[in-house]
Amino acid sequence: MRKILITNDDGIDAEGIIRLAETAKEFGEVWVIAPAHQRSAASHCITLREPVEIKEVDFPVEGVKAFACSGTPADCVRVGSLSVMPYKPDVVLSGINYGYNVASDIQYSATCGAAFEASFQGFISIALSENASKCHDITDAYIKELLSEYIDFRPERNQILNINFPTGKVEECKGIKRDLITSEDSFYHDRYKMIEEREDGTKLYMVDGIYNEDAEEGTDFRAVVDKYISVGLVNNIR
């Protein structure tokens, strides 16, 4: 039986990780080791100079052993696979993230950071994300099919499989686009707006991105904008 480790960056109580664990149960023995709190945009950061706290928690999917971790998603993969689990996982699933992880956003994504850590450790590694929406119909309709297709797929080391689901009703989904390349653009063209200037001269800035959907053809970004499920390999920076 496959040993499956699941993590995320939205926190162990996030709806996406619960839905993923429920589906993954059909493919093997599932262990969930996820951050105790929201850790989005932590990228591949790991904890080195302080202890990582692990606590077993009740999880709303029967038969799943679950642990909350004080560290980052990459920490969850490291401590989970190296110490918490009594054996190595066969596959690591990271997600289902609340918000796309496509294009240049991948470099910041802790969902993908955890998946890259899993790949670095030598495990099959899949990152899964969906649009930041309360409608999960497309994801829930296709996720079992995609896990069936890819759960034993082994990319090269330092390479992950990255899957993104568009939002909307099932009939709005145009299908699956595979073997896509990563866009060099982004959903938001970032800028910063000053929100406060204090008497001592300190200035506070807040990111204030400009929304963008002008993505290149044949990319992960273009696919989700056009209501396709995006599947593609992503290489870690070496």
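Derivation of every value follows stated rules applied to the coordinates shown; laboratory data play no part. What you see is a predicted model; the values in this text were computed from it and never measured. With ideal geometry, Cβ positions are generated from the backbone for all residues, glycine too; neighbour counts draw on all protein chains shown.
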Notebook entry, point to check: What are the residues in the stretch 136-174 that are among the polar types (S, T, N, Q) and assigned to a loop (DSSP other than H, G, I, E, B), if any?
Noted result: Asn158, Thr167
Next item on the list: May I ask you to list pairs of residues, at least six apart or on different chains, whose Cβ atoms are under 6 Å apart, with the first in the stretch 212-236 being within 17 Å of Leu128 (Cβ to Cβ) and the second being among the aliphatic types (A, V, I, L, M) and in a loop (DSSP other than H, G, I, E, B)?
Entry: Asp220/Val102; Asp220/Leu180; Phe221/Val102; Phe221/Ala215; Ala223/Leu180; Ser230/Leu180; Gly232/Leu180
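Each row is one residue, and each column tells you yes or no for (1) of a type outside the set (A, V, I, L, M); (2) under 30 Å from Asp137 (Cβ atoms); (3) in a strand (DSSP E or B).
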position	(1), (2), (3)
Asp179	yes, yes, no
Ser183	yes, yes, no
Lys193	yes, no, yes
Glu199	yes, no, no
Glu217	yes, yes, no
Ala223	no, yes, no
Ser230	yes, yes, yes
Notebook entry, point to check: When you scan the stretch 42-135 for strands (runs of 3 or more DSSP E) that lie fully inside it, which ones turn up with 3 or more residues that are of a type in the set (Gly, Ala, Ser) and touching a strand residue (DSSP E or B) at 6+ places or on another chain (Cβ under 7 Å)?
Noted result: 124-130
Next item on the list: Please go through the stretch 104-122 and pick out each residue that is surrounded by fewer than 23 Cβ atoms within 10 Å (Cβ to Cβ) and touching a residue at least 40 places away in the same chain (Cβ under 8 Å).
Entry: Ser104, Asp105, Gln107, Tyr108, Phe120, Gln121
Next item on the list: For Asp75, state whether it is within 14 Å of Ile6 (Cα to Cα) and not aromatic (Phe, Trp, Tyr).
Entry: yes
Next item on the list: Return the residue satisfying two criteria in turn: it lies in the stretch 67-87 and is over 20 Å from the mean Cα position of the chain (by Cα) and of a type outside the set (Ser, Thr, Tyr), and of such residues it is farthest from Ala24 (Cα to Cα).
Entry: Leu82
Next item on the list: Among the numbered conditions (1) surrounded by 12 or more Cβ atoms within 10 Å (Cβ to Cβ); (2) in contact with a helix residue (DSSP H, G or I) (Cβ under 8 Å, 6 or more places away or on another chain), tell me where Arg178 comes up short.
Entry: (2)
Next item on the list: Among what's in the stretch 26-66 and is free of Cβ contacts under 8 Å to residues at least 40 places away in the same chain and under 18 Å from the mean Cα position of the chain (by Cα), pick the residue that is surrounded by the fewest Cβ atoms within 10 Å (Cβ to Cβ).
Entry: His37
Margin query: Quick test of your reading of the structure: Ala21 fulfils all but one of (1) aliphatic (A, V, I, L, M); (2) within 23 Å of Lys134 (Cβ to Cβ); (3) touching a residue at least 60 places away in the same chain (Cβ under 8 Å). Name the failing condition by number.
Written below: (3)
